[in-house]
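Bear in mind that the values in this text are calculations on the coordinates, not laboratory data. Every value quoted in this text rests on a predicted model; they were computed, and no experiment measured them. Here Cβ is always computed from backbone atoms with ideal geometry, including for glycine, and neighbour counts include all displayed protein chains.
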Amino acid sequence: MTSTREEVEVGYDISNEFFRLWLDERMHYTSAVFDEKNTTLEQAQVNKSRILADFGEVTPDSLVLDIGCGWGANLEYLALDRKVKRSHGITLSRAQHDELTARKLPGVTTWCVDYKDYAPAEKYDALVSIEMIDHLVSPKQQQEGLAVPIYREYFNKLATWVKPGACFGFQAILRNRVPRTRKDLEDLKFTADVIFPGGLNPRLEELVTACGQSWEIIELKTRREDYGKTTAEWLRRFRLNEKKIKEKWGALKMSDGETVWNNYERYLSTCVRAFANHWSSDVQMKLRHIA
Ligand SMILES: C[S@@+](CC[C@H](N)C(=O)[O-])C[C@H]1O[C@@H](n2cnc3c(N)ncnc32)[C@H](O)[C@@H]1O
């Protein structure tokens, strides 16, 4: 089983207000891209969206689909910054979909649906998907050797949704080295079990193998250090809001019986260490549909 709707919602449905306290103002929940010009989290998130839209060769007249669109941060960029006249988004989280609807973004249509059940009425000019693929394979499926077939099913399905030769701006978290200490292993396992149940970050080589039947890799760039900076900034903003978070969500217990504060403090601190120590990384790819 891929992550179920219930499992996906554990990661995103505590409260939109909760995530708004420590993400950037548009609520990207994925790695930003920092450079000399883009040093604040807000700027660096726009930079990430710009790179992926450029990878997708998006123009204002492109019909674009964002697969796993979260609270709509990237769709907002497409509609407002790139002036894309029509874009679509799908998410599996109902709270995210409520937020998407409330934003009333011009030219944006969204659905709360599993990508497997989505049947687009038109072919797309461009695709974007930002760190959604890590929900598709469970640790058990990976152990059974099913990771590459599941990722291949995803890439092949997406290829049927686009016009011949369309481009795809793709981003994924990656699984790299295994931590050495019991505590580090436990922290990573806690993140997978409690914060994002049912999912597993792919290995780069699995993605490269899986996409090749239907997509040509035109460009590939890893973003490990950028994700380290992004998660450090999330942690900083989270800690700044300690009082408010404890007041509002202090009584809410998560699946392990712990509070939201304790769990998110542990999760975000683990993320910072994961990118610093090469346990995790991130990749952006420009893919072109093989017609
Ligand atoms: C880490 S969030 C990233 C959100 C957004 N792309 C961003 O950059 O902030 C992963 C997203 O993938 C969505 N998702 C996970 N599994 C999905 C599936 N099977 N079908 C559609 N969306 C899915 C989740 O609902 C969530 O919106």
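In whole percent, what relative contact order does the chain give with Cα contacts below 8 Å and a gap of six or more residues?
Reported relative contact order: 23 percent.
For segment 147-221, what does the convex hull of the Cα positions come to per residue, in cubic angstrom?
In segment 147-221, the Cα hull volume divided by residue count equals 110 Å³.
Based on the mean of other beta carbon atoms within 10 Å per residue, what is the order of 16-26, 279-289, most packed first?
In descending order of packing, they fall as 279-289, 16-26.
How would you classify segment 63-124 from its alpha-carbon gyration tensor, with a ≥ b ≥ c the square roots of the eigenvalues: rounded for a/c under 1.5, else prolate if a/b is greater than b/c, otherwise oblate?
In terms of gyration-tensor shape, oblate.
For the chain, with only Lys/Arg (+1) and Asp/Glu (-1) charged at the beta-carbon, what is the dipole magnitude about the Cα centre, in debye rounded to 20?
Charge dipole of the chain: 340 debye, to the nearest 20.
Convert 37 °C to kelvin, take the viscosity as 0.692 mPa s, use the Kirkwood radius over C-alpha pairs of segment 35-81 as Rh, and evaluate the Stokes-Einstein diffusion coefficient in µm²/s, rounded to a whole number.
For these conditions, the coefficient is 289 µm²/s.
Tell me which of VAL178, LEU146, CYS167 sits at the most positive position along the dipole axis of the chain, charges placed on C-beta atoms (Lys, Arg +1; Asp, Glu -1).
The Cα lying farthest towards the positive end belongs to VAL178.
Over the Cα atoms, compute the radius of gyration (one decimal) and Dmax (the largest Cα-Cα distance, rounded to a whole number) for the chain, in Å.
18.0, 55
Taking the mean number of other Cβ atoms within 10 Å as a proxy for protection, how do you rank 252-262, 58-68 from highest to lowest?
Going from most to least packed, we get 58-68, 252-262.
Which value, in Å to one decimal place, does the Kirkwood hydrodynamic radius take for segment 38-172 when every pair of different Cα atoms is included?
Here the Kirkwood hydrodynamic radius works out to 15.3 Å.
Note down the relative contact order for segment 35-151 as a percent, whole number, built from C-alpha pairs under 8 angstrom at least six residues apart.
Answer for segment 35-151 is 26 percent.
Over the alpha-carbon set of segment 237-283, divide Rg by the Kirkwood Rh and report the Rg/Rh ratio to two decimals.
Rounded to two decimals, Rg/Rh equals 1.08.
If every alpha-carbon in segment 86-157 counts as one equal scatterer, what log10 I(q)/I(0) does Debye give at q = 0.17 1/Å?
Ignoring solvent entirely, the Cα scatterers give -0.76.
Using the alpha-carbon atoms, what tilt in degrees (0 to 90, nearest 10) does helix 147-159 show relative to the longest principal axis of the chain?
The answer is roughly 40 degrees.
Report the antiparallel proportion of the DSSP beta bridges in the chain as a percent, rounded to a multiple of 5.
So the antiparallel bridges in the chain amount to around 45 percent.
Quick one: Karplus J couplings for segment 176-192, per residue in order, coefficients 6.51, -1.76, 1.60, θ = phi - 60°, nearest Hz, x for Gly and Pro?
Karplus-based 3J(HN,Hα) across segment 176-192 equals 10, 7, 8, x, 8, 9, 4, 4, 5, 4, 5, 5, 5, 5, 4, 4, 5 Hz.
If I model a spin label as a point 7 Å beyond the Cα along the Cα-Cβ vector, how far apart are those points for LEU80 and GLU186 in nm?
Using points 7 Å along Cα→Cβ, the separation is 4.3 nm.
What are the semi-axes of the equivalent ellipsoid for segment 26-114, taken as the square roots of 5 times the Cα gyration tensor eigenvalues, largest first, in whole Å?
21, 16, 11
Where does each of 185-197, 90-102 land if you order them by average Cβ count within 10 Å, highest first?
With the highest mean Cβ count within 10 Å placed first, the list reads 90-102, 185-197.
Of HIS88, GLY70, LEU100, which is farthest on the positive side of the dipole of segment 66-116, counting Cα position, with +1 on Lys and Arg Cβ, -1 on Asp and Glu Cβ, and the Cα centre as origin?
HIS88
Can you give the translational diffusion coefficient of segment 200-239 in µm²/s, computed by Stokes-Einstein from the Kirkwood radius over Cα pairs at 10 °C and 1.306 mPa s?
Result for D is 126 µm²/s.
So for segment 231-291, averaging the separation of alpha carbon pairs under 8 Å that are six or more residues apart and normalising by length, what relative contact order in percent results?
33 percent
What pairs in LYS104/LYS248; LYS37/LYS104; LYS104/LYS286; LYS48/LYS221; LYS140/LYS286 have C-alpha atoms more than 23 Å from each other?
Pairs exceeding 23 Å: LYS104/LYS248; LYS37/LYS104; LYS104/LYS286; LYS140/LYS286.
If you fit an axis through the alpha-carbon atoms of helix 94-103 and take the longest principal axis of the Cα set of the chain, what angle between them do you get, 0 to 90°, nearest 10?
That helix lies at roughly 60 degrees to the long axis.
Where Rh is the Kirkwood radius over the Cα pairs of segment 195-291, the temperature 20 °C and the viscosity 1.002 mPa s, what D in µm²/s does Stokes-Einstein return?
For the chosen part, D equals 135 µm²/s.
Taking θ as phi - 60°, what are the ³J(HN,Hα) couplings along segment 257-273 by the Karplus curve (6.51, -1.76, 1.60), each to the nearest whole Hz, with x for Gly and Pro?
x, 8, 7, 4, 4, 4, 5, 6, 4, 5, 4, 5, 5, 5, 4, 4, 5
What ³J(HN,Hα) values, in whole Hz, does the Karplus curve 6.51 cos²θ - 1.76 cosθ + 1.60 give for segment 279-291 when θ = phi - 60°, with x put for Gly and Pro?
Each residue's phi maps through the Karplus curve to give 6, 10, 8, 8, 9, 10, 10, 9, 10, 10, 4, 8, 6 Hz.
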